[in-house]
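What follows is one structure encoded as structure tokens, with my remarks underneath.
The values are calculated or read from the model by the stated rules, or taken from the named source; none is laboratory data. Since the model is a prediction, treat every value here as computed from it, not as a measurement. Using ideal geometry, Cβ is built from the backbone for each residue, glycine included, and neighbour counts are taken over all protein chains shown. Surface accessibility is based on the protein's heavy atoms, side chains included, excluding ligands, DNA and RNA. Shrake-Rupley method; radii C 1.70, N 1.55, O 1.52, S 1.80 Å.
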Amino acid sequence: MLNATSAPTISYYDYIIVGGGTAGCPLAATLSQNASVLLLERGGSPYGNPNITNLAKFGAALSDPSPTSPSQRFISEDGVINARARVLGGGSCLNAGFYTRASPEYIRAAGWDGRLANESYQWVERRVAFEPQMGPWQSAVRDGLLEAGVLPNNGFTYDHIKGTKVGGTIFDRAGNRHTAADLLEYANPGGLTVLLHATVYKILFATKARPKPVAHGVVYRDASGAKHRAYLKRGLKNEIIISSGALGSPQLLMLSGVGPAQQLRAHNITVVLDQPMVGQLMSDNPMNAIFVPSPLPVEVSLIQVVGITQFGSYIEAASGENFGGSPQRDYGMFSPKIGQLSTVPPKQRTPEALAKAIELMNNLDQQAFQGGFILEKIMGPISTGHLELRTRHPEDNPSVTFNYFKEPQDLQRCVEGISTIEKVIDSRPFSKFRFDYLSVPQLLNMTASAPVNLLPRHYNSSQSLEDFCKDTVMTIWHYHGGCQAGSVVDHDYKVMGVDALRVIDGSTFNVSPGTNPQATVMMLGRYMGVNILKERLAKEDLAN
């Protein structure tokens with residue numbers, strides 16, 4: 001890894017990958033075996049940062065709003081506060097660590113070769129996936145799911161199977177996180193250059209005397225603001241590949257002149273290709289949760305168990321002092337500093353309101369945070385939104401709308417998911433981890449009125465679960481779309497209408513894979529790297 005300030009002003013490579021994230025790292029490692037690769041990452045290194053590497057510190061990176069944070073906060077137009085990665089290893093440096101594959105049906109629908117997909121998952125798993133150690137609280141959630149009818153018991157597996165299972169984790173037995181950046185250990189060092197703090201401003205296209213535009217280079221700036229250019233070497237198979245995530249990839253295409261022409265002209269961007277579907281069909285899987293205080297101490301755990309229901313909701317859980325036991329009181333996924341719970345009207349998104357919410361949390365009795373959250377996320381989702389540019393600066397967040405619960409089926413799945421969580425809370429295996437005097441409606445009220453959000457609460461137990469879902473919607477950071485396969489890229493992930501340019505990451509997904517996308521995003525990086533090298537070798541054989 002090198003700081004981009006040390007890079008030459010002009011350089012040449014066979015492949016230039018923009019984004020050293022969950023897909024970009026395995027892709028770069030694979031391509032480096034037979035080609036020269038430049039991997040450009042706008043963030044820094046994950047190594048040596050305990051907020052990334054230590055399980056007990058989960059939430060600290062997400063609640064750090066500083067310019068050097070590995071997490072960049074954004075607020076969707078729906079009002080839900082969210083985060084995007086800004087670090088080598090991408091979202092795998094920030095997430096709750098759950099590792100699970102996509103279903104065979106998903107793989108078939110994506111048009112992937114099942115055998116190569118399986119080999120690619122295994123390639124990833126040898127470096128970053130582990131079986132979690134199950135503690136009493138997570139075990140009680142598992143047994144409660146089984147009693148609630150989320151059957152059968154599938155034990156520990158990476159596979160996506162209906163019923164209740166223990167999934168993998170990217171945290172090892174010592175609680176250390178292993179990220180997509182670790183997959184760079186597979187790389188050929190002689191074939192790979194990794195530049196940190198390298199922000200790509202645009203992709204360069206050659207357009208003269210060509211049937212369609214051809215990507216041939218990128219412009220990027222280092223941390224000091226100095227401009228660099230990297231170009232593709234001459235060669236029929238050389239390409240630029242964008243792996244900047246569901247926000248970054250459509251944003252970079254637009255900044256480079258590929259996108260809805262009217263929007264590009266509004267920002268004085270020269271239109272290279274009018275592609276109205278760039279930034280469209282954005283989705284975020286809505287998450288809703290119930291906090292359950294416990295009379296007994298509980299283990300620190302992130303997502304380990306999942307109930308994969310028949311009706312299309314996934315039930316998961318997290319517990320322990322990462323929700324309040326640490327001196328920082330970061331409260332994990334539910335920190336007021338992250339500001340996730342509920343929708344926040346623009347006029348109420350003030351530093352003062354946030355400070356008040358944090359103060360309320362800090363004044364709560366420690367026992368209020370002895371317990372955990374049982375949450376549900378819906379599959380899909382069916383509801384979609386869109387992304388638009390705000391400015392021409394690549395470090396600025398674009399405007400994104402997810403339209404949570406716009407489709408009635410999404411809302412119905414949430415209601416059924418919350419109903420299943422209620423059954424888990426009321427189950428015999430879970431009974432020792434809840435107070436008898438707190439009914440499920442009271443727990444719903446507590447969750448809906450908790451000061452982890454900036455909204456006045458109106459929920460009471462006489463209101464509907466539909467209202468609870470809408471009032472307490474938050475992100476689980478599984479947003480996707482914007483460069484979807486079939487509308488922006490073809491099924492080889494080549495951007496339609498231009499040459500020598502692909503997008504390989506979660507922005508190409510139509511629905512989120514499995515119960516957590518990270519395993520499949522890493523797999524896709526490896527899978528496409530292998531396919532691209534096969535294409536390259538076949539072309540070289542023909543040329544010879």
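Couple of notes before you dig in:
- When I170 is tested against (1) in the same structural domain as R392 (by the TED database); (2) aliphatic (A, V, I, L, M); (3) under 15 Å from L38 (Cα atoms), exactly one condition is not met: (3).
- Residue within segment 95-105 that is open to solvent by 60 Å² or more (accessible area, probe 1.4 Å), of a type outside the set (D, E) and either free of Cβ contacts under 8 Å to residues at least 60 places away in the same chain or not assigned by the TED database to the domain that holds G514 (or both) present: yes
- Verdict on A266 being open to solvent by less than 10 Å² (accessible area, probe 1.4 Å) and of a type in the set (A, V, I, L, M, F, W, C): no
- Members of segment 125-140 found to be closer than 24 Å to T520 by Cβ and in a helix (DSSP H, G or I), listed by number: E125, R126, R127, V128, Q138
- The set of residues from segment 255-274 being in a loop (DSSP other than H, G, I, E, B) and hydrophobic (A, V, I, L, M, F, W, C) comprises I269, V271, V272.
- Considered as a group, the residues in segment 497-523 that are in contact with a Ser or Thr (Cβ under 8 Å, 6 or more places away or on another chain) and of a type in the set (A, V, I, L, M) include one that is most open to solvent (accessible area, probe 1.4 Å), and that residue is V511.
- Total residues in segment 482-507, condition of a type in the set (S, T, Y) and within 13 Å of the chain's Cα centre (by Cα): 1
- Taking segment 1-52 as the range and being open to solvent by 40 Å² or more (accessible area, probe 1.4 Å) and β-branched (V, I, T) as the test, the residues that pass are T5, T9, I10.
- Qualifying residue in segment 276-291 (condition: crowded, with 24+ Cβ neighbours inside 10 Å, among the charged types (D, E, K, R), modelled with pLDDT of 95 or more and not in a strand (DSSP E or B)): yes
Residues are listed down the side, and each one gets a yes or a no for (1) at pLDDT 95 or above; (2) more than 21 Å from G19 (Cα to Cα):
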residue: L465; (1), (2): no, yes
residue: C469; (1), (2): no, yes
residue: T475; (1), (2): no, yes
residue: H478; (1), (2): yes, no
residue: V495; (1), (2): yes, no
residue: V498; (1), (2): yes, no
residue: S507; (1), (2): yes, no
residue: T515; (1), (2): yes, yes
residue: T520; (1), (2): yes, no
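- Tally, over segment 510-525, of residues that are more than 13 Å from the chain's Cα centre (by Cα) and either closer than 23 Å to T30 by Cα or not assigned by the TED database to the domain that holds Y15 (or both): 3
- Condition met for G149 (among the small types (G, A, S), at pLDDT 95 or above, at positive phi and not assigned by the TED database to the domain that holds R502): yes
- Qualifying positions in segment 15-29 - over 20 Å from L252 (Cα atoms) and touching a strand residue (DSSP E or B) at 6+ places or on another chain (Cβ under 9 Å): A29
- Residue that is least open to solvent (accessible area, probe 1.4 Å) [pool: residues in segment 193-251 that are of a type in the set (S, T, Y), in contact with a Leu (Cβ under 9 Å, 6 or more places away or on another chain) and in a loop (DSSP other than H, G, I, E, B)]: S243
- Any hit, segment 45-57, residues being closer than 20 Å to A215 by Cβ, assigned by the TED database to the domain that holds N238 and either among the hydrophobic types (A, V, I, L, M, F, W, C) or in a loop (DSSP other than H, G, I, E, B) (or both): no
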